[in-house]
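I'd like to ask you about the structure that follows.
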Amino acid sequence: TYISIDSSHSPKIATMMSASIPGLGQIYNDIKKPEGFKSRLWWKLPLIYGGIGASIYFVIQNQKSYTFYRNERLDLQNDIGSLYSISGYSDDQLKSITDQYSKWRDLSIFAVLGVYLINIVDANVSGNLLHFDSSNDLSIMLQPKVFYLKQSSSIGASLSFHFKNKGIRNDYLPNNF
């Protein structure tokens with residue numbers, strides 16, 4: 001028996017769908033998966049949206065804190081007679097705090113982009129490996145072997161991997177495959 005490969009599935013479409021709307025490529029791959037394959041969609045979508053949502057939350061919170069302490073520093077600099085701000089920080093401390101929140105905001109932006117790119121790469125890789133056999137029908141054999149070299153022989157070991165090919169019949173393979 002052999003399972004025919006779905007020719008209507010395209011990893012390129014999955015990649016473009018995931019680039020347009022995060023998670024859409026994973027949904028496309030799940031819809032186009034062959035019969036009998038387990039769905040991996042249930043754990044990927046929460047990770048994608050949770051990662052993007054958490055990163056955006058930290059971008060917003062770090063921007064708010066940066067703006068608050070920057071404005072407080074500007075107020076302190078405009079008030080000539082005062083040495084400390086309303087929150088009790090000096091000018092140098094406020095500069096350090098604003099720099100720290102600025103760095104955290106920038107890292108949060110990179111986190112959003114990182115999760116978005118991982119989403120796109122996952123859709124592409126999952127689309128390309130959609131018909132890959134990941135069953136338990138993979139085996140390895142280690143056997144003794146005698147190697148013959150010109151006038152002498154030596155003893156060694158032979159390692160063989162056996163894969164069950166579910167998707168392609170042998171008569172459809174090219175001669176050099």
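Distance in nm between label sites at residue 142 and residue 71, each 7 Å beyond Cα in the beta-carbon direction?
Inter-label distance under the simple model: 6.9 nm.
As an exercise, take the mean of 1/r over every pair of distinct alpha carbons in the range 52-103, invert it, and state the Kirkwood radius in angstroms.
11.5
Express in Å², to the nearest 10, the accessible area of residue 66 obtained by rolling a 1.4 Å probe over the protein heavy atoms while all chains stay in place.
Here the residue's solvent-accessible area equals roughly 50 Å².
If you count only protein heavy atoms with a 1.4 Å probe, what accessible area per residue comes out for the range 1-109, rounded to a whole Å²?
Per residue, the range 1-109 has an accessible area of 67 Å².
What's the ranking of 83-94, 8-19 by average number of surrounding C-beta atoms within 10 Å, highest first?
8-19, 83-94
Now a separate question. I'd like the carbon and sulfur percentage of the solvent accessible area for the range 1-80, probe radius 1.4 Å, heavy atoms only, ligands and nucleic acids excluded.
Accessible surface attributable to carbon and sulfur in the range 1-80 totals 63 percent.
Place a +1 charge on the Cβ of each Lys and Arg in the range 1-101 and a -1 charge on the Cβ of each Asp and Glu, then give the dipole magnitude about the Cα centre in debye, rounded to the nearest 20.
So the magnitude is around 640 debye.
The values are calculated or read from the model by the stated rules, or taken from the named source; none is laboratory data. Model, not experiment: these values are computed from the prediction. As a convention, Cβ positions derive from the backbone with ideal geometry for all residues, glycine included, and neighbour counts pool all protein chains shown. Note: areas computed on protein heavy atoms with side chains; ligands, DNA, RNA excluded. Shrake-Rupley method; radii C 1.70, N 1.55, O 1.52, S 1.80 Å.
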